[in-house]
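The values are calculated or read from the model by the stated rules, or taken from the named source; none is laboratory data. Not measured: the values here are computed from a predicted model. Neighbour counts run over all protein chains shown; Cβ positions are idealised from the backbone, glycine included. Just the protein is used for accessible areas: all its heavy atoms, side chains included, with ligands, DNA and RNA removed. Shrake-Rupley method; radii C 1.70, N 1.55, O 1.52, S 1.80 Å.
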Amino acid sequence: MSWPWLILVVAGLVETGWAIGLKYTDGFTKLWPSVLTIAGIVVSMFMLSVAARSLPIGTAYAVWVGIGAAGAVILGIVLFGEPANAGRLFFLALLLIAIVGLKFTTH
């Protein structure tokens, strides 16, 4: 995996962290969860911008959002007891397939 792709994957994982962090900020009324969530947003977007120097922006953005969304769904199930029914898992699998597909069809 090239550096831009590695940076993009890490950026997506950080996005997952700040997306979950939103739940803990209680509408940005709790100081430290809010500070950490905002820091995650900044770091994640910076890393996306670095990866987008070398990757097509449409691909980079879609993969970044996809990793963040998939991670938020998975952690929502694990941490918050959100539903893990067949329909959600099916569409989560489609999202992951789309992320991998974009990786392998981008030059």
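Quick notes on this structure:
- Top positive-direction residue, dipole computed over the chain with Cβ charges, set Gly21, Val78, Leu92: Leu92
- Orientation-averaged projected area, Cα convex hull of the chain (nm²): 7.0
- With DNA, RNA and ligands ignored, accessible area of Leu94 (1.4 Å probe; Å², nearest 10): 80
- Å² of accessible area per residue within the chain, as computed with a 1.4 Å probe and no ligands counted: 60
- The charge dipole of the chain, taken about the Cα centre with unit charges on the Cβ atoms of Lys, Arg (+1) and Asp, Glu (-1), comes to about 100 debye, rounded to the nearest 20.
- Residue-count net charge about Val9 - beta-carbon cut-off 12 Å; Lys, Arg +1, Asp, Glu -1: 0
- GNM flexibility winner over the chain from Leu89, Leu48, Leu13 (Cα, springs under 10 Å): Leu89
- Most mobile listed residue (Trp32, Trp64, Trp18) in the chain, GNM with C-alpha springs under 10 Å: Trp32
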